[in-house]
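**Q** I have a structure I would like to understand better, so I am pasting it below and will then ask my questions one at a time.
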Amino acid sequence: MNNYNSYFPHDSNAKDDPKCVLLIEQLGMEGYGIYWMLVETLRDQPNYRYPIILIPALARKYNTTAEKVKAVVCNYGLFFIENEEFFFSTSLIERMKPLEAKRMLASKAGKASALKRKNNGCSTGAQRMFNGCSTSKVKESKVKENLSLKGESVREETNKVFAPQSIKEQLLSDETWKESACMQSTFGISFMSMLPDQIDKFIAYIVSIGEEQTISSLSDAKRRFTYWWQNYGRKEVKNEKPEEYLIPSK
């Protein structure tokens, strides 16, 4: 499979869909090209949605007009408008679900593989310690010391992968990301004051499903927060029904 970060399924007969037929009839192949440019753009967004306000910038980037791009978005039933702020493609979202599921499975498999390698490493180290007992007490001491240091290093690295307070502090210190989150939240600037509480709920959700180790960078946290907000957080706020996340005991 191609790189997950840029791949999405594409039917070879998409051009024969009645909506696309009408699009080509009225706007020609330029309109059809604009349609696929929009789908590809949505594919690159964390939540597969794009702000309507940025359509003019998108048109300039790809050497067309904002009027034509808006016509493709609004007039042919190929895209849906959300709260007059974002547009999205339900077809793209559905096509991405199997890929999202495969990504999660790959992440869990990688986690299991890393744990197995770690256990094998500990077993090998223990065997070496056992063999060293018959030759040199000094060597045994050094092996134990090295294993102790290695264990500390592994624990530090594990803590580095997902530290809730650190993730929260880093997200709240990123002004550009906070502005983007407000714009995508559909609550506007008022979402800024809601962010700390929503980040806490996001972290509780990640812990409750046992996905701490899948967040290995700040960009992972940003992407996962956007997905969580679009699918859980926003619904909870709008319904005013708090979601309870069961955090497993350690």
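Coordinate-derived values only; no laboratory data. Computed from a predicted structure; not experimentally measured. Because the Cβ atoms are built from the backbone with ideal geometry, glycine has one as well, and the counts that use them run over all protein chains shown.
**Q** Stretched out fully, how many nm does the piece from Thr90 to Glu25 gain, at 0.36 nm a residue minus the Cα gap?
**A** Once the chain is fully extended between Thr90 and Glu25, it gains 21.1 nm.
**Q** Just subtract the alpha-carbon distance of Lys178 and Ala57 from 0.36 nm times their residue separation and send over the number in nm, one decimal.
**A** Separation in residues times 0.36 nm, less the Cα-Cα distance, equals 41.5 nm.
**Q** State which entries of Lys108/Lys238; Lys97/Lys222; Lys116/Lys235; Lys19/Lys238; Lys70/Lys178 exceed 29 angstrom in Cα-Cα distance in the structure shown. Please report the intermediate quantities before stating the final value.
**A** Numbers: Lys108/Lys238 32 Å; Lys97/Lys222 19 Å; Lys116/Lys235 39 Å; Lys19/Lys238 33 Å; Lys70/Lys178 27 Å.
Too far apart for the 29 Å limit: Lys108/Lys238; Lys116/Lys235; Lys19/Lys238.
**Q** Give the peptides 35-47, 12-24, 184-196 in descending order of average Cβ contacts within 10 Å, highest first.
**A** Averaged packing, sorted descending, gives the order 35-47, 184-196, 12-24.
**Q** Under a point spin-label approximation (7 Å from Cα along Cα-to-Cβ), what is the Ile209-Glu169 distance to one decimal in nm?
**A** Each label point lies 7 Å from its Cα, and together they span 2.7 nm.
**Q** When you count, for each residue, the other Cβ atoms within 10 Å and take the mean per peptide, how do 218-226, 49-57 rank with the highest first?
**A** So the order, starting with the most tightly packed, is 218-226, 49-57.
**Q** Using 0.36 nm per residue, how much length does the chain from Arg223 to Met192 gain when fully extended, once their Cα-Cα distance is taken away?
**A** Fully extending the segment from Arg223 to Met192 adds 9.4 nm.
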